[in-house]
Amino acid sequence: MTVKVGIADTTFARVDMASAAIKKLNEMTSNIKIIRYTVPGMKDLPVACKKLMEEQGCEITMALGMPGGKDKDKVCAHEASQGLMMAQLMTNKHIIEVFVHEDEAVNGKELDWLAKRRAEEHAENVYYMLFKPEFLQKSAGKGLRQGFEDAGAARK
Ligand SMILES: Cc1nc2c(=O)[nH]c(=O)nc-2n(C[C@H](O)[C@H](O)[C@H](O)CO)c1C
């Protein structure tokens, strides 16, 4: 049966993360219907995701945002994250937050690579959460990361 997956993204972001996530999800399964909803910025993502789940019937959503490098952007990112957690608890559905901070990368090229890679790897997580939760259980404690390289399990 087809599962609806919501993808909420922003015009503020400097990289089209949603397209990378959508491409990855469509490569992994044909059992999903993707509904995309683009809003101005990350603080608009909580209600966008809640509407995708409550009004469009999405089972799970991804919130793709890009906090800028200024202090006020980091405050906004914290506020947006609080909103996303609230929206998850209100709907009892997962919203996978995919934030890429503009100052995580040294230049535009790395930012483009990082943002798309993190979006893809979280899209994989969405697939596993929907269809193969046992795969995530098997990966518990492995230090997996999305975007930059995995941290790996702690060496005894
Ligand atoms: C300061 C600020 N920083 C960011 C940011 O770093 N990333 C982002 O996506 N959006 C930012 N915004 C805009 C808000 O998220 C939101 O779009 C506006 O307040 C309109 O609701 C604001 C206002």
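The values are calculated or read from the model by the stated rules, or taken from the named source; none is laboratory data. No experiment lies behind these values; they were computed from the predicted model shown. Every residue, glycine among them, receives a Cβ derived from its backbone with ideal geometry; neighbour counts consider all protein chains shown.
When we screen Leu111, Leu64, Leu84, Leu52 for residues that are surrounded by 21 or more Cβ atoms within 10 Å (Cβ to Cβ), within 15 Å of the ligand (Cβ to nearest atom) and either among the aromatic types (Phe, Trp, Tyr) or part of a helix (DSSP H, G or I) (or both), the only hit is Leu84. The set of residues in the stretch 66-120 being out of contact with any Gly (no Cβ under 6 Å at 6 or more places or on another chain) and touching a residue at least 60 places away in the same chain (Cβ under 8 Å) consists of Val98, Val100, Gly108, Leu111, Asp112, Ala115, Lys116, Ala119, Glu120.
Residue by residue, here is whether (1) over 29 Å from Pro133 (Cβ atoms); (2) within 16 Å of the ligand (Cβ to nearest atom) holds:
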| position | (1), (2) |
| --- | --- |
| Asp9 | no, yes |
| Arg14 | yes, yes |
| Leu25 | no, no |
| Ile32 | no, no |
| Met42 | no, yes |
| Gln56 | no, no |
| Met90 | no, no |
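Summed over the stretch 3-46, the residues that are buried (at least 20 other Cβ atoms within 10 Å of the Cβ), of a type in the set (A, V, I, L, M, F, W, C) and assigned to a helix (DSSP H, G or I) give a count of 8. Being more than 13 Å from the ligand (Cβ to nearest atom), modelled with pLDDT of 95 or more and not in a loop (DSSP other than H, G, I, E, B) is a property that Lys72 lacks.
Just one residue in the set Glu149, Glu104 is surrounded by fewer than 18 Cβ atoms within 10 Å (Cβ to Cβ) and modelled with pLDDT of 95 or more; that residue is Glu104.
For Glu110, are the conditions met, namely being within 18 Å of Lys33 (Cβ to Cβ) and among the acidic types (Asp, Glu)?
Details: within 18 Å of Lys33 (Cβ to Cβ): no; among the acidic types (Asp, Glu): yes.
So Glu110 does not fit the description; no.
Condition first: part of a loop (DSSP other than H, G, I, E, B) and either among the basic types (Lys, Arg) or within 16 Å of the ligand (Cβ to nearest atom) (or both). Can you find one or more residues in the stretch 139-153 that meet it? Looking through the stretch 139-153, at least one residue is part of a loop (DSSP other than H, G, I, E, B) and either among the basic types (Lys, Arg) or within 16 Å of the ligand (Cβ to nearest atom) (or both).
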